[in-house]
Amino acid sequence: AREWHLAARPHGEPTPEDFALVEVEHPDPTEGQVVVRMVAMSVDPYMRGRMRLGPSYAAPWEVGEVMRGGAVGRVVDSRSPDVPVGALVLTDAAWRDVAVLDAREVRQLPATEDLPLTYSLGILGMPGLTAYAGLFRVAAFREGDAVFVSGAAGAVGSAVGQFARLRGAAAVIGSAGSPDKVGWLTGELGFTAAFDYHDGRVKDLLAQAAPDGIDVYFDNVGGEHLDAALGALHVHGRVAICGAISAYNATEAVPGPKNFSSLMIAKRLAVTGLLVSDHTDLHGEFTETVSGWIRSGELTVRETVYEGLENAVPAFLDLLKGANTGKMVVRLAPD
Ligand code: NDP
């Protein structure tokens, strides 16, 4: 079997030298264990946080040890009565092709033959739930709201914008990093307006795209985007702080929004941090609603797929640079 180890903690942008692909013998399963052959693994922005020591909501990866992350796989050997051979499972044990796991470390996936298995890593998995809980609960979205989402062509952002559209937003505005992504947002995804944040000051681009202002800002990016959005929000506007990817490779603290206190007071804003793991109680409602939208064709899902375990690091590094449209996944084996 092969697995990726963290070789070094990066300073700034990670490089291929920070990772090592290692050959290992996996042990035979003992009572209560299963052997899982991974079918696809996820690379996610939060993994940049796991490469560093220091405060983060996810425990750091250890140098010289296997990295972990979400994956779907098939059970190829089982010594557990609960998880049979052939079962499809969700685990957080990838960055490797095969893993021997306790049966309670895997969650069996329901058979959804009509939907791709990789959706469990994206639209029907952690990023989809993040979008759902962040928009509908944390940002308290209401029909008629004008919503701005940054990182709008990514896994979370493309879901947020479409969820808002499907629930009756007055306008959905997105920002993303390329003209192609902007075209996808305003075309296939049905956003009202979108802009490439490289084209000028975010404040000016947002003012053009949302001349009437916004009620909700779903923040995947932080920094200048947050500053601009606070300026564009209406009184009683709401913000879900989901991510701050513009700062994930920063080597020093990043400046916060300007005039934060006076804006908060003048507009009585509600700015709330979001952590997906707080919202697992929504899982049933989320799965039913979102799989319904996918099946009816109302929700567009896109994935960017890299092939092979050896391409997991390129996929991760490219994700941080915006090579993905929709969810970035790494395909390791056929279903
Ligand atoms: P994405 O699919 O959105 O991929 C990351 C994207 O970030 C890239 O495609 C790139 O797109 C964009 N990006 C990279 N650098 C910058 C930059 N300097 N400024 C603006 N955009 C940049 O990832 P996810 O959908 O999985 O995650 C989106 C955000 O949500 C992340 O911040 C992540 O950490 C956060 N998150 C938080 C969770 C929580 O519980 N709080 C759970 C899940 C995700 P582009 O071409 O547009 O630049």
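The values are calculated or read from the model by the stated rules, or taken from the named source; none is laboratory data. Predicted model only: the values in this text are computed from it and were never measured. Note that each Cβ is placed from the backbone with ideal geometry, even for glycine, and that neighbours are counted across all protein chains shown.
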Can you name every residue in region 190-209 that is touching a residue at least 24 places away in the same chain (Cβ under 8 Å) and either surrounded by 22 or more Cβ atoms within 10 Å (Cβ to Cβ) or not in a loop (DSSP other than H, G, I, E, B) (or both)? 191, 194, 197, 202, 203, 205, 206, 207, 209
Would you confirm whether any residue within region 210-222 is over 27 Å from residue 326 (Cβ atoms), under 25 Å from the mean Cα position of the chain (by Cα) and away from the ligand (no atom under 16 Å from the Cβ)? no
Kindly provide the set of residues from region 25-69 that are among the acidic types (Asp, Glu) and more than 16 Å from the ligand (Cβ to nearest atom), ordered by number. 25, 28, 31, 62, 65
If residue 12 passes every condition in (1) part of a helix (DSSP H, G or I); (2) surrounded by fewer than 18 Cβ atoms within 10 Å (Cβ to Cβ) but one, which one does it miss? (1)
I need a count of the residues in region 70-94 that are within 15 Å of the ligand (Cβ to nearest atom) and among the basic types (Lys, Arg). 0
Look through 164, 159 and report the one residue that is outside any loop (DSSP other than H, G, I, E, B), near the ligand (Cβ under 10 Å from one of its atoms) and at pLDDT 95 or above. 159
What is the number of the single condition among (1) within 16 Å of the ligand (Cβ to nearest atom); (2) surrounded by fewer than 21 Cβ atoms within 10 Å (Cβ to Cβ) that residue 131 does not meet? (2)
